[in-house]
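Bear in mind these aren't lab numbers, they're just calculated from the coordinates by the rules spelled out. Please read all numbers here as calculations on a predicted model, not as lab measurements. Using ideal geometry, Cβ is built from the backbone for each residue, glycine included, and neighbour counts are taken over all protein chains shown.
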Amino acid sequence: MPGGPLAVLRREPGGDVRRDMVLLVPGYTGSKEDFRLLLGPLAMAGHPVVALDQRGQFQSPGPEYLAAYTTEALGADLLAVIDVLADQPVHVVAHSFGGLVARAALLARPGAFRSLTLMGSGPAGLTGPRVEILSLLRPLLLQGSMPAVVAAMDAMNAQDARYLALDASLQGFLRDRMLAASPHALLGMADALTTEPDRVAELRASGVPLLVLHGAADDAWTPALQQQMAERLGAAYAVIPDAQHSPAVENPAVTAKALLTFYGAEDC
């Protein structure tokens with residue numbers, strides 16, 4: 001890959017039916033494991049499925065300079081993955097910041113995409129309370145001290161009832177994943193995440209089938225903003241109940257059903 005090797009989770013269909021590949025792209029601070037509960041349902045429906053780390057995330061080391069983490073640079077990785085894995089267009093599902101990356105890849109080469117699902121993503125850069133958290137972490141990231149970043153996150157998570165309700169093993173995984181992340185990636189992605197322009201009109205003009213999907217209580221880009229984006233895109237639209245910003249984790253069964261319903265419509 002242009003930015004170095006990328007770790008993936010892969011699941012092949014178990015039956016005789018084989019449909020288009022689904023490629024799953026995580027968001028800021030995420031990784032391929034965010035989609036682990038979608039792999040089985042999508043593969044059982046006949047889709048080969050690949051979930052990846054982006055460069056600098058978890059098990060995928062990346063370059064140590066900020067310009068390596070623009071949406072265009074990360075989008076080039078995504079297109080290279082498609083070239084390696086498939087000889088035809090693929091369905092891409094991209095979460096949060098991953099949606100901005102996948103959008104950049106699609107606009108560079110629409111023919112690589114069978115469809116694009118924007119999951120908990122937005123029309124432009126992120127605003128609101130989550131940006132304030134990025135500002136608080138920035139000095140620690142500039143020092144390159146991931147243990148200090150994790151300690152700061154631990155302090156914030158100690159006040160978060162949702163985090164405290166998680167199983168201890170999952171809390172441990174989330175801490176280990178953050179420790180493994182590249183501070184250069186987190187800085188560069190944060191800059192891209194907060195400065196991305198509105199490219200909705202360009203995306204609609206691509207002609208690629210689109211789905212906007214989000215949790216009913218999303219606390220990043222607001223549900224109202226994402227619904228408005230879907231209308232501007234002329235996209236299919238799905239709201240996942242009992243989910244916030246990570247519907248693939250918080251309500252995977254309904255999320256998988258929404259994706260398969262969308263893919264079924266695209267096959268007609």
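What number of residues within region 87-111 are under 17 Å from Leu52 (Cβ atoms), surrounded by fewer than 24 Cβ atoms within 10 Å (Cβ to Cβ) and either touching a Pro at 6+ places or on another chain (Cβ under 6 Å) or without any contact (Cβ under 8 Å) to a residue 12 or more places away in the chain (or both)? Total satisfying the criteria: 0. Kindly provide the set of residues from region 59-83 that are touching a residue at least 60 places away in the same chain (Cβ under 8 Å), surrounded by fewer than 24 Cβ atoms within 10 Å (Cβ to Cβ) and hydrophobic (A, V, I, L, M, F, W, C), ordered by number. Leu66, Ala67, Ala68, Ala73, Ala76, Ala80, Val81 - these are the residues of region 59-83 that are touching a residue at least 60 places away in the same chain (Cβ under 8 Å), surrounded by fewer than 24 Cβ atoms within 10 Å (Cβ to Cβ) and hydrophobic (A, V, I, L, M, F, W, C). Note on region 12-34: residues that are surrounded by 11 or more Cβ atoms within 10 Å (Cβ to Cβ) and either within 14 Å of Ala102 (Cβ to Cβ) or not acidic (Asp, Glu) (or both) total 15. Just the residues that are surrounded by 18 or more Cβ atoms within 10 Å (Cβ to Cβ) and either out of contact with any Gly (no Cβ under 6 Å at 6 or more places or on another chain) or β-branched (Val, Ile, Thr) (or both), please, taken from region 112-129. Of everything in region 112-129, those that are surrounded by 18 or more Cβ atoms within 10 Å (Cβ to Cβ) and either out of contact with any Gly (no Cβ under 6 Å at 6 or more places or on another chain) or β-branched (Val, Ile, Thr) (or both) turn out to be Ala112, Phe113, Arg114, Ser115, Leu116, Thr117, Met119, Gly120, Gly122, Pro123, Leu126. Close contacts from region 146-167, counting a first residue that is in contact (Cβ under 8 Å) with a residue 12 or more places away in the chain and within 15 Å of Val249 (Cβ to Cβ) and a second that is surrounded by 15 or more Cβ atoms within 10 Å (Cβ to Cβ) and among the small types (Gly, Ala, Ser), with Cβ to Cβ under 9 Å and a gap of 6+ residues or different chains, come to none at all.
Suppose we filter Asp176, Asp167 for residues that are among the charged types (D, E, K, R), surrounded by 11 or more Cβ atoms within 10 Å (Cβ to Cβ) and closer than 19 Å to Ser31 by Cα; which single one remains? Steps first, please.
Working: Asp167 fails: surrounded by 11 or more Cβ atoms within 10 Å (Cβ to Cβ).
So the residue among Asp176, Asp167 that is among the charged types (D, E, K, R), surrounded by 11 or more Cβ atoms within 10 Å (Cβ to Cβ) and closer than 19 Å to Ser31 by Cα is Asp176.
Assuming Glu33 fulfils every condition listed in (1) among the acidic types (Asp, Glu); (2) under 22 Å from Thr261 (Cα atoms); (3) within 14 Å of the chain's Cα centre (by Cα) apart from one, which condition is it? Every condition holds for Glu33 apart from (2).
Across region 210-217, a minimum of one residue is classified as touching a residue at least 12 places away in the same chain (Cβ under 8 Å) and closer than 18 Å to Gly75 by Cβ. Among the residues making up region 108-142, those that are in contact with a strand residue (DSSP E or B) (Cβ under 9 Å, 6 or more places away or on another chain) and more than 19 Å from Ser246 (Cβ to Cβ) are Ala112, Phe113, Arg114, Ser115.
Among the listed residues Val50, Val25, Val81, identify the single one that is touching a Gly at 6+ places or on another chain (Cβ under 9 Å) and of a type in the set (A, V, I, L, M, F, W, C).
On the way: Val50 fails: touching a Gly at 6+ places or on another chain (Cβ under 9 Å); Val81 fails: touching a Gly at 6+ places or on another chain (Cβ under 9 Å).
Within the list Val50, Val25, Val81, the selection yields Val25.
Restricted to region 151-162, and to residues there that are assigned to a helix (DSSP H, G or I) and over 21 Å from the mean Cα position of the chain (by Cα), the residue that is surrounded by the fewest Cβ atoms within 10 Å (Cβ to Cβ) is Ala161.
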